[in-house]
């Protein structure tokens with residue numbers, strides 16, 4: 001099972017657009033602290049570019065920020081997300097905690113919904129297209145969506161290194177009031193939750209063996225890891241495995 005998850009993560013990464021792989025090298029996301037107990041991350045979000053579009057006689061708004069990608073829940077308000085991979089200890093059972101969040105309410109918006117992917121056939125040719133879709137139930141719900149501004153997306157393995165993906169949602173929208181909640185700063189803590197007893201039973205020999213194993217990995221793969229794991233340097237300095 002671990003091998004299958006690792007393969008899925010590997011191919012999802014190498015097939016991703018280049019701007020997603022290099023996302024954590026921008027000025028948006030920073031590691032505040034990183035040790036054997038967890039990682040604290042700061043996300044700073046610039047003001048979005050908001051454009052007006054018309055669909056079926058109704059005015060909608062689309063938001064965009066370079067380096068952030070649109071959410072894809074068909075028919076739901078299409079907001080933005082920003083994800084990052086972290087290296088974590090093999091024994092970790094990670095949880096996420098919101099430490100700080102600075103937000104502003106922007107009024108008078110009707111956020112465009114995430115479109116439905118469709119196959120367009122033109123004779124023998126096929127291509128991927130999108131068509132307008134709107135979930136009326138969601139757009140009649142008087143509350144902000146999504147309910148959480150950060151979550152753990154998945155955990156898995158990349159060549160023996162356990163990783164997790166954290167996703168930030170710096171915008172929340174209330175379709176009834178037309179209010180867009182914009183988070184310019186979000187600070188979260190990822191708690192590894194590794195038991196004290198488990199940590200103490202790892203011998204010096206085991207740690208040395210793991211470090212040697214890391215150094216023996218091929219350079220090409222190491223470059224890939226360095227390009228996609230935000231706390232790569234902390235992992236490779238032996239702070240945690």
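The values are calculated or read from the model by the stated rules, or taken from the named source; none is laboratory data. Bear in mind the structure is a predicted one, so any value in this text is a computation, not a measurement. FYI the Cβ positions are ideal-geometry reconstructions off the backbone, even for glycines, and counts take in every protein chain you see.
Observations
- Count of segment 104-131 residues, restricted to those that are part of a loop (DSSP other than H, G, I, E, B), under 25 Å from the mean Cα position of the chain (by Cα) and either free of Cβ contacts under 8 Å to residues at least 12 places away in the same chain or over 14 Å from residue 173 (Cα atoms) (or both), is 1.
- Qualifying residue in segment 10-23 (condition: modelled with pLDDT of 90 or more and surrounded by 12 or more Cβ atoms within 10 Å (Cβ to Cβ)): no
- Conditions (1) surrounded by 12 or more Cβ atoms within 10 Å (Cβ to Cβ); (2) at pLDDT 95 or above; (3) out of contact with any helix residue (DSSP H, G or I) (no Cβ under 9 Å at 6 or more places or on another chain); number of the one not met by residue 49: (1)
- Segment 73-92, subset within 19 Å of the chain's Cα centre (by Cα), part of a loop (DSSP other than H, G, I, E, B) and modelled with pLDDT of 95 or more, residue surrounded by the most Cβ atoms within 10 Å (Cβ to Cβ): 79
- Hits in segment 55-71 - residues which are within 15 Å of the chain's Cα centre (by Cα) and surrounded by fewer than 12 Cβ atoms within 10 Å (Cβ to Cβ): 66
- Residues of segment 34-54 satisfying the condition of being within 21 Å of residue 164 (Cα to Cα) and under 19 Å from the mean Cα position of the chain (by Cα): 34, 38, 39, 40, 41, 42, 43, 44
- The conditions of being at pLDDT below 95 and within 25 Å of residue 172 (Cβ to Cβ) are met by residue 67.
- Among the residues of segment 132-145, those identified as assigned to a loop (DSSP other than H, G, I, E, B) and surrounded by fewer than 10 Cβ atoms within 10 Å (Cβ to Cβ) are 140, 142.
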